[in-house]
Amino acid sequence: MAGAAGPGRVPGAAGGDGDDSLYPIAVLIDELRNEDVQLRLNSIKKLSTIALALGVERTRTELLPFLTDTIYDEDEVLLALAEQLGNFTVLVGGPDFAHCLLPPLESLATVEETVVRDKAVESLRQISQEHTPVALEAHFVPLVKRLASGDWFTSRTSACGLFSVCYPRASSTVKAEIRQHFCSLCSDDTPMVRRAAASKLGEFAKVLELESVKNEIVPLFTNLASDEQDSVRLLAVEACVSIAQLLSQNDLETLVMPTLRQAAEDKSWRVRYMVADKFSELQKAVGPEITQNDLVPAFQNLLKDCEAEVRAAAAHKVKELCENLPVDGRETIIMNHILPFVKELVSDSNQHVKSALASVIMGLSTILGKENTIEHLLPLFLAQLKDECPEVRLNIISNLDCVNEVIGIRQLSQSLLPAIVELAEDAKWRVRLAIIEYMPLLAGQLGVEFFDEKLNSLCMAWLVDHVYAIREAATNNLMKLVEKFGADWAQNTIVPKVLGMANDPNYLHRMTTLFCINALSEACGQEITTKQMLPIVLKMAGDQVANVRFNVAKSLQKIGPILDSSALHVEVKPVLQKLGQDEDMDVKYFAQEAINVLALA
Amino acid sequence: MPFGLALQSADIISTVEFNHSGELLATGDKGGRVVIFQQEQENKTQTHSRGEYNVYSTFQSHEPEFDYLKSLEIEEKINKIRWLPQKNAAQFLLSTNDKTIKLWKISERDKRPEGYNLKEEDGRYRDPTTVTTLRVPVFRPMDLMVEASPRRIFANAHTYHINSISINSDYETYLSADDLRINLWHLEITDRSFNIVDIKPANMEELTEVITAAEFHPNSCNTFVYSSSKGTIRLCDMRASALCDRHSKLFEEPEDPSNRSFFSEIISSISDVKFSHSGRYMMTRDYLSVKIWDLNMENRPVETYQVHEYLRSKLCSLYENDCIFDKFECCWNGSDSVVMTGSYNNFFRMFDRNTKRDITLEASRENNKPRTVLKPRKVCASGKRKKDEISVDSLDFNKKILHTAWHPKENIIAVATTNNLYIFQDKVN
């Protein structure tokens, strides 16, 4: 394709007689209207190649008009087109002609598919930067106005995203018009447009003069925050973050806080959820003083909200809220105003709330220090470790490292062990899988002694679980443990047990031996592999089950590189050759593969 | 007759719905097809044929399917159609069968691209060596083509049969209700929905009622109602909590002990519920009557209209031929002043809420020629039959009007008899 694009670099050079290089471009152009979507999509993705070949003039006069009319196409084609046009300025002749790209993007900005519209808006925003100030007012601003006063809400929603890019570079009269248009979209008849306006309100406020923010944006914000539709109101919460950053503390108190307080107590749980979800951002935006006076009481209410979704969202934010409090007086606020409510949540009726809390509560220990942790947090951790819902227990266990730093894990080990054992034997295999994944972490923090004594037998029991996914995870777990505790430990505690399973009457367990060897050989090193593992693998080549035999071939292929060449040639080669003559075709196949990979042929 | 009926059963109309402007009318049928009619632009020379409806587009919305896990056939019958508020030049509607909801786009195309580099318009290839210049295709006008394309498929969320779909006034969500559950969907997201009502008891033997219909409030986005087979209507507020198992209002009329019979519960089952356009009232249809409820009064309806009270003495035979389980729908006119619902013998009824007058009309080809004025019909319950009256015993229970629709702005109505669609309009002066 690069060669084909060559002649096109000189404008107008594509008209040469019977030029061979025209052929691929001709194919691309023809496929713009192929019946196969995939081919159309390919062509659209190479639109720049076509444009290069046509030259800037023909791109403007022929290609763009054609593209403007292709809005009937499939979404994926339109999406690709919208994306391509964002980088097309050079191909139509540079910034002086950037406005030529507006018509096709304008029609893409009105299609019903949100992803396509959003992409068209993104490209329009990109192109707006390439317009000269004169072109911006002559072409881009009129486009925004057209979209903003379009008949259908699709075009009006698209307009909402374009105000902030043209405002900073417009003249003051045009600025006033732009503000006026945005204002009317904020009170549009359809909730779709009001939602779009609400979600762009913060972004627009950032490019406005402070006076306009106070006089125009704040009233709009207040209106949207008390919209009859809760789907609009909840978006105003997001805008609140951006607007709050722009105002002084005094203005904040009088202009924004009444609305924010109202949102935190909104009748609709979805709005309150949004406040909880955006709590950290809000906290940063309003500063420490208002946080302490207003947000902390609001947060208490969210933690005891009647809707579980809201409580769960608030519970997720407990740690971040505490972290971001000013260090001065932080402990007092947490101990007196946050922790009492957190304690309630530990025995919440909803498991999602408890599990959200369990995922962050351990983080409080670093903030509160050793004494408070032992006295106040530890009872909560222990209660959650005994929770009936496995997810809660898992979340506590997965965050043990935070506590370890502060008070050491030993404080917990009494309760930890029963919790781990129970999870390890949970009837749901996904729960068992989750706890296996935390094993290496636990082993690291509890130390080898504790591990050998209490947890080793669990890890071995998983190797013979009746679910394959568990056996597989258990195998990987062993590898990670060996990486942690070293080859000596492996040789003494793991390897004998694993190799013992090679004589198990169940062929699935015999295969587990092979999988373990695959995983462990590298971590254990050449000596253990050659002396202890290899003989077992070779012996298993005579197994009566074909699945075991071909896994022997695969294992040999895997451990081959670790062995020295004499073992490879003297011991491995004959066995693989024998397996290569096996009656089972899969065994033959994998034996042959191993011979090839190990270069033993 | 059974033979003839079987032949055409795919054509039985199962739902009728005007779009928000009234310019389009969609019908769904038992064969899974959707037919859309478009009102003709007003013709100045023929004033009497104002805005007739002609076929605009026909497409196969659903196909019969088989659920292999449950060994169940899934019928292709269209249970409900709902139009989306118009968002651009194209039109969108939701159609549903028992299990799967689909979003369709109906769009017009009047241009097509012309001009290839390497072949002629008829497909013959050109000699590539003759290509000396590149040619960009150009769009040229062509005859208008209407296309229907499936945009989204919302599947696998209903264990029981979907009886209702309703689009929210926030324009981005809709609900779908089956016998025991109501789900909330986002119109752009097909891989998940939220369960907002679940009345399935832990033990199915304790099941005493099912959801029969559900609808969103026309302008309060957080409010919806659902009706039950026990004759109650529950209004739920989605602001209160994520799961709306607890209703905020329960509309129920105390039963009249004097009318109590074996059939009481069956005939009190609500077959349809519709909010008025204003959002102040809602209308429910049970087997024998239409009731209008003020949303502010839960203990009894503000108006009750008898649709075919003369059938009360026939309930026994209607039970035997299963007619008692027919699900009649009801609708409001554009200004909420008149309501309409169907009956048997191809009769349909209208009730004027202001004058309290009611009328029975007949939709039939035998008795009415096109462009004639409909004559009111009367059914006599017992005793002596007057001239022009029809005896209850001669009513044909196979001819029922279950589905009707009223143009949102004008006095134009669509009435579906078994497999005919009638469109009537106010007399043009």
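Out of everything in segment A:379-424 that is hydroxyl-bearing (Ser, Thr, Tyr) and farther than 17 Å from A:Gly363 by Cα, what residue ends up being surrounded by the fewest Cβ atoms within 10 Å (Cβ to Cβ)?
Filtering first and then ranking leaves A:Ser413.
State the number of residues belonging to segment B:95-111 that are assigned to a strand (DSSP E or B) and away from chain A (no Cβ under 14 Å).
4
Mind checking which residues of segment A:154-194 are closer than 20 Å to A:Pro219 by Cα, of a type in the set (Val, Ile, Thr) and more than 14 Å from chain B (Cβ to nearest Cβ)?
A:Ile178 - this is the single residue of segment A:154-194 that is closer than 20 Å to A:Pro219 by Cα, of a type in the set (Val, Ile, Thr) and more than 14 Å from chain B (Cβ to nearest Cβ).
Can you find a residue that is facing chain A (nearest Cβ under 10 Å), within 30 Å of A:Thr68 (Cβ to Cβ) and in a loop (DSSP other than H, G, I, E, B) anywhere in segment B:172-186?
Within segment B:172-186 (the criterion being facing chain A (nearest Cβ under 10 Å), within 30 Å of A:Thr68 (Cβ to Cβ) and in a loop (DSSP other than H, G, I, E, B)), the answer is yes, since at least one residue qualifies.
Does at least one position in segment B:115-129 carry a residue that is over 16 Å from B:Gly32 (Cβ atoms), touching a Pro at 6+ places or on another chain (Cβ under 9 Å) and open to solvent by 50 Å² or more (accessible area, probe 1.4 Å)?
Scanning segment B:115-129 turns up no residue that is over 16 Å from B:Gly32 (Cβ atoms), touching a Pro at 6+ places or on another chain (Cβ under 9 Å) and open to solvent by 50 Å² or more (accessible area, probe 1.4 Å).
It is to be established whether one or more residues within segment B:246-258 are within 25 Å of the chain's Cα centre (by Cα) and farther than 20 Å from B:Ile211 by Cα.
No, because not a single residue in segment B:246-258 is within 25 Å of the chain's Cα centre (by Cα) and farther than 20 Å from B:Ile211 by Cα.
Among the residues of segment A:392-408, are any free of Cβ contacts under 8 Å to residues at least 12 places away in the same chain, of a type in the set (S, T, N, Q) and within 29 Å of A:Leu455 (Cα to Cα)?
There is no residue in segment A:392-408 that is free of Cβ contacts under 8 Å to residues at least 12 places away in the same chain, of a type in the set (S, T, N, Q) and within 29 Å of A:Leu455 (Cα to Cα).
Do any strands (runs of 3 or more DSSP E) lying entirely in segment B:211-274 carry at least 1 residues that are within 14 Å of chain A (Cβ to nearest Cβ) and at pLDDT 95 or above, and which ones are they?
Once the strands (runs of 3 or more DSSP E) in segment B:211-274 are filtered for at least 1 residues that are within 14 Å of chain A (Cβ to nearest Cβ) and at pLDDT 95 or above, what remains is B:211-216, B:223-228, B:233-237.
Mind checking which residues of segment B:141-160 are farther than 30 Å from B:Ile182 by Cα and surrounded by 16 or more Cβ atoms within 10 Å (Cβ to Cβ)?
Residue satisfying the conditions is B:Val146 alone.
Given the conditions (1) farther than 30 Å from B:Glu23 by Cβ; (2) surrounded by 22 or more Cβ atoms within 10 Å (Cβ to Cβ), report the number of the one that B:Cys316 does not fulfil.
Tallying (1) farther than 30 Å from B:Glu23 by Cβ; (2) surrounded by 22 or more Cβ atoms within 10 Å (Cβ to Cβ), B:Cys316 fails exactly one: (2).
Name the residues in segment A:425-434 that are surrounded by 14 or more Cβ atoms within 10 Å (Cβ to Cβ) and part of a helix (DSSP H, G or I), would you?
A:Trp429, A:Val431, A:Arg432, A:Leu433, A:Ala434
Somewhere in segment A:317-330, is a residue on the phi > 0 side of the Ramachandran plot and open to solvent by less than 80 Å² (accessible area, probe 1.4 Å)?
Checked segment A:317-330: at least one residue is on the phi > 0 side of the Ramachandran plot and open to solvent by less than 80 Å² (accessible area, probe 1.4 Å).
Just need a number here: residues in segment A:399-424 that are assigned to a helix (DSSP H, G or I) and under 20 Å from A:Glu323 (Cα atoms).
8
Quick test for you: out of A:Lys558, A:Lys480, A:Lys573, pick the one residue that is open to solvent by 50 Å² or more (accessible area, probe 1.4 Å), at pLDDT 85 or above and closer than 21 Å to A:Leu442 by Cα.
The conditions single out A:Lys480.
Of everything in segment A:115-139, what is in a helix (DSSP H, G or I) and more than 13 Å from A:Gly161 (Cα to Cα)? Give them in sequence order.
Hits for segment A:115-139 are A:Val115, A:Val116, A:Ile127, A:Pro133, A:Val134, A:Ala135, A:Leu136, A:Glu137, A:Ala138, A:His139.
Taking the stated definitions as given, is A:Ala148 within 14 Å of chain B (Cβ to nearest Cβ), in contact with a helix residue (DSSP H, G or I) (Cβ under 9 Å, 6 or more places away or on another chain), among the aliphatic types (A, V, I, L, M) and under 30 Å from A:Glu74 (Cβ atoms)?
No.
Which of the numbered conditions does A:Pro297 fail, given that it passes all the others? Conditions: (1) out of contact with any helix residue (DSSP H, G or I) (no Cβ under 7 Å at 6 or more places or on another chain); (2) under 30 Å from B:Ile196 (Cβ atoms).
All conditions pass for A:Pro297, except number (2).
Suppose we filter B:Val55, B:Val138 for residues that are β-branched (Val, Ile, Thr), within 14 Å of chain A (Cβ to nearest Cβ) and either open to solvent by less than 40 Å² (accessible area, probe 1.4 Å) or in contact (Cβ under 8 Å) with a residue 12 or more places away in the chain (or both); which single one remains?
B:Val138
Determine, yes or no, whether B:Gln86 is polar (S, T, N, Q), closer than 27 Å to B:Val35 by Cα and facing another protein chain (nearest Cβ under 9 Å).
Spelling it out, B:Gln86 is indeed polar (S, T, N, Q), closer than 27 Å to B:Val35 by Cα and facing another protein chain (nearest Cβ under 9 Å).
Filter segment B:161-188 for residues that are open to solvent by 30 Å² or more (accessible area, probe 1.4 Å) and modelled with pLDDT under 95 and give the result.
Scanning segment B:161-188 gives B:Tyr171, B:Glu172, B:Glu188.
Can you tell me how many residues in segment B:275-317 are farther than 30 Å from B:Asp393 by Cα and not in a strand (DSSP E or B)?
13
Report those strands (runs of 3 or more DSSP E) wholly inside segment B:329-429 carrying at least 3 residues which are in contact (Cβ under 8 Å) with a residue 24 or more places away in the chain and open to solvent by 20 Å² or more (accessible area, probe 1.4 Å).
Qualifying strands (runs of 3 or more DSSP E): B:421-425.
Which of the residues spanning segment B:62-72 are closer than 11 Å to B:Lys99 by Cβ and of a type in the set (Asp, Glu)?
B:Glu65, B:Asp67
Quick check on segment B:351-359. Is at least one of its residues closer than 28 Å to B:Ile81 by Cβ and among the hydrophobic types (A, V, I, L, M, F, W, C)?
Within segment B:351-359, one or more residues are closer than 28 Å to B:Ile81 by Cβ and among the hydrophobic types (A, V, I, L, M, F, W, C).
Quick one: which helices (runs of 4 or more DSSP H) lie wholly within segment A:209-295 and hold at least 2 residues that are more than 22 Å from A:Arg330 (Cα to Cα) and open to solvent by less than 30 Å² (accessible area, probe 1.4 Å)?
Once the helices (runs of 4 or more DSSP H) in segment A:209-295 are filtered for at least 2 residues that are more than 22 Å from A:Arg330 (Cα to Cα) and open to solvent by less than 30 Å² (accessible area, probe 1.4 Å), what remains is A:218-225, A:230-246, A:257-264, A:269-277.
Among the residues of segment A:483-504, which ones are open to solvent by less than 60 Å² (accessible area, probe 1.4 Å) and under 14 Å from A:Leu514 (Cα atoms)?
A:Ile494, A:Val495, A:Val498, A:Leu499, A:Gly500, A:Met501, A:Ala502, A:Asp504
Given the conditions (1) free of Cβ contacts under 8 Å to residues at least 24 places away in the same chain; (2) assigned to a helix (DSSP H, G or I); (3) open to solvent by 60 Å² or more (accessible area, probe 1.4 Å), which single one is not true for A:Pro340?
Failing condition for A:Pro340: (3).
Does segment A:105-156 hold any residues that are open to solvent by 70 Å² or more (accessible area, probe 1.4 Å), polar (S, T, N, Q) and touching a residue at least 40 places away in the same chain (Cβ under 8 Å), and which are they?
The one that is open to solvent by 70 Å² or more (accessible area, probe 1.4 Å), polar (S, T, N, Q) and touching a residue at least 40 places away in the same chain (Cβ under 8 Å): A:Gln126.
Among the candidates A:Thr110, A:Thr70, single out the residue that is touching a strand residue (DSSP E or B) at 6+ places or on another chain (Cβ under 9 Å) and of a type in the set (Val, Ile, Thr).
Every option except A:Thr70 fails the conditions.
The values are calculated or read from the model by the stated rules, or taken from the named source; none is laboratory data. Fair warning: this is a prediction, and the values are worked out from it, not measured in the lab. As a convention, Cβ positions derive from the backbone with ideal geometry for all residues, glycine included, and neighbour counts pool all protein chains shown. When the accessible area is computed, the model is the full protein with side chains, heavy atoms only, and any ligands, DNA or RNA have been set aside. Shrake-Rupley method; radii C 1.70, N 1.55, O 1.52, S 1.80 Å.
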